[in-house]
Amino acid sequence: MLFRSVEYDGFYAFNYSPLGVYRGNGWVATMRSPTTKFWGTEIYENTNRFGRYQSYGSLEVMYDGDITTSGYPALEDNVGGWDWNVVPGTTTVHYTNWRDMMPAKNTTARFAQYTVSKNFAGALAWDKIGLFAADFDQSDTWGSKRFTSTNLTYKKSVLAVDGLLISIGSDINTSGAYADDMKTATNLFQSVIYPNSLTMKVNGMAISTTYQNTFNAGINQLSLISPTGTGYIIPRGNDLLEVQYGNQTAPVHTGADVDAPTTSLTVAKAFLNHGVKTSGKSYQMVVVPAATNESLAGYASQVSSGSLYEVLSFNSKLHSIYYKPQGVMAYSCFEPQDNIPVGLLKADRKSTRLNSSHGKL
């Protein structure tokens, strides 16, 4: 009997789907966002009551092994204790009242998350390189109004290359008659701590006891390794980075205990805090699956020196990233444009583009 070895690592784009998948040795990263045609989550009676944010520009890295290896609650935990605001990679408005996070504030109302008008999310692949992009404006209605509006918008791009995910976001806006303690955030990770969890590192420091800190990412570059082994490099110029490790209590997915949740888990999480009811916010980060202290330090040095990548355009019409080691230019064009001022692409008509010095897709 003959067997043929098949190489599955690389980037995958799916026609007619707001999804990008990047696969490496022992890990897979997925990127997703809703559109007017594709919902991002489904919420039913007594099921997934707090799951609205499941695909709000998500960037999730999963590893070989059971679900706890990737930082998610074991099934026997009934998904209580999980902070439903913090889905990895998403940009969300953090609820401070769990009942407000359920459709119509009850356990029965149906909801599926679409956008209001944006029909732009998807991916392109070129060899083992890929680009994901998304344009989002939040809908709060399913038949009738289900949520107090936060009017969240964002534009996102992720360039997947050489085992890295260079992620940028712009045009992050929120407004409305909601509580003034509901921060707008871009979430890096959330990991439940189990015996098989790795040690979280914050700027090289090991964290294994209760910890909470806020870092000024506006003036200092920061590096983290999550308890699942995913590395994050936060360049200077970002908003405040909040990092937490400890016990948290949150309701189960049915919403049965919404007013007095009792299930707790030990969790590590990190997010960029864009403020409350904010306008024109942005972010940059480099995500490094299966990071080691040495590999993350090497990439962090390249980021700080400017030798890894450069963001050439970062506005409401165009994201453009230049990845220097391979001479790759990646474009996300959110509006039709003529006379594009950077790189090889000179004009475009409402599409996502991936370019390099060697060719164009």
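The values are calculated or read from the model by the stated rules, or taken from the named source; none is laboratory data. Model, not experiment: these values are computed from the prediction. Cβ coordinates were reconstructed from backbone atoms using ideal geometry, including for glycine residues, and neighbour counts include every protein chain displayed. Areas reflect the complete protein model, heavy atoms only, side chains present, ligands, DNA and RNA absent. Shrake-Rupley method; radii C 1.70, N 1.55, O 1.52, S 1.80 Å.
Let's see how each residue does on (1) in contact (Cβ under 8 Å) with a residue 40 or more places away in the chain; (2) over 18 Å from Pro34 (Cα atoms):
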position: Thr108; (1), (2): yes, yes
position: Val116; (1), (2): yes, no
position: Ile129; (1), (2): yes, yes
position: Ala134; (1), (2): yes, no
position: Asp137; (1), (2): no, no
position: Thr148; (1), (2): yes, yes
position: Gly163; (1), (2): yes, yes
position: Ser175; (1), (2): yes, yes
position: Ala179; (1), (2): yes, yes
Apart from one, (1) closer than 21 Å to Thr249 by Cβ; (2) in contact with a Pro (Cβ under 7 Å, 6 or more places away or on another chain) all hold for Asn48; the odd one out is (2)
Do any residues in the stretch 46-63 that are under 14 Å from Ser33 (Cα atoms) and hydrophobic (A, V, I, L, M, F, W, C) have Cβ atoms under 7 Å from those of residues that are part of a strand (DSSP E or B) and open to solvent by less than 40 Å² (accessible area, probe 1.4 Å), where the two are at least six apart or on different chains, and which pairs are they?
Leu59/Ala29; Leu59/Met31; Leu59/Val158; Leu59/Leu165; Leu59/Ser167; Leu59/Val287
For the stretch 261-309, how many residues meet the condition of being under 15 Å from Leu188 (Cα atoms), in contact with a Lys or Arg (Cβ under 8 Å, 6 or more places away or on another chain) and of a type in the set (A, V, I, L, M, F, W, C)?
0
State whether one or more residues within the stretch 65-83 are closer than 22 Å to Asn315 by Cβ and out of contact with any Pro (no Cβ under 8 Å at 6 or more places or on another chain).
no
Exactly one of Ser316, Ser332 is open to solvent by 30 Å² or more (accessible area, probe 1.4 Å) and either under 22 Å from Ala121 (Cβ atoms) or modelled with pLDDT of 95 or more (or both), and that residue is Ser316
Can you name every residue in the stretch 23-41 that is assigned to a loop (DSSP other than H, G, I, E, B), closer than 17 Å to Val61 by Cβ and open to solvent by less than 70 Å² (accessible area, probe 1.4 Å)?
Gly26, Ser33
Is there a residue being within 22 Å of Ala270 (Cα to Cα) and either in contact with an Asp or Glu (Cβ under 7 Å, 6 or more places away or on another chain) or surrounded by fewer than 19 Cβ atoms within 10 Å (Cβ to Cβ) (or both) anywhere in the stretch 129-141?
no
Options Tyr114, Tyr178: the member that is aromatic (Phe, Trp, Tyr) and open to solvent by 30 Å² or more (accessible area, probe 1.4 Å):
Tyr114
Tell me the residue from Thr92, Thr108 that is farther than 21 Å from Val21 by Cα and either among the charged types (D, E, K, R) or surrounded by fewer than 18 Cβ atoms within 10 Å (Cβ to Cβ) (or both), please.
Thr108
Here the residues within the stretch 42-70 that are in a strand (DSSP E or B), open to solvent by less than 10 Å² (accessible area, probe 1.4 Å) and more than 11 Å from Pro103 (Cβ to Cβ) are Ser58
Kindly provide the set of residues from the stretch 71-83 that are open to solvent by 20 Å² or more (accessible area, probe 1.4 Å) and not in a helix (DSSP H, G or I), ordered by number.
Tyr72, Asn78, Val79
Looking at Ser167, Ser197, Ser223, which is the one that is open to solvent by 10 Å² or more (accessible area, probe 1.4 Å), touching a Gly at 6+ places or on another chain (Cβ under 8 Å), polar (S, T, N, Q) and within 27 Å of Ser320 (Cβ to Cβ)?
Ser223
Failed item, numbered, when Phe120 is tested on (1) open to solvent by less than 10 Å² (accessible area, probe 1.4 Å); (2) modelled with pLDDT under 95:
(1)
Odd one out for Arg146 among (1) touching a helix residue (DSSP H, G or I) at 6+ places or on another chain (Cβ under 6 Å); (2) charged (D, E, K, R); (3) open to solvent by less than 40 Å² (accessible area, probe 1.4 Å)
(3)
For residues that are of a type in the set (S, T, N, Q) and out of contact with any helix residue (DSSP H, G or I) (no Cβ under 9 Å at 6 or more places or on another chain), scanning just the stretch 285-313, find the one that is surrounded by the fewest Cβ atoms within 10 Å (Cβ to Cβ).
Ser305
Within the set of pairs 6+ apart or on separate chains, which have a first residue in the stretch 193-214 that is closer than 20 Å to Pro73 by Cβ and β-branched (Val, Ile, Thr), a second that is open to solvent by 80 Å² or more (accessible area, probe 1.4 Å) and in a strand (DSSP E or B), and C-beta atoms under 9 Å apart?
Thr210/Asn247
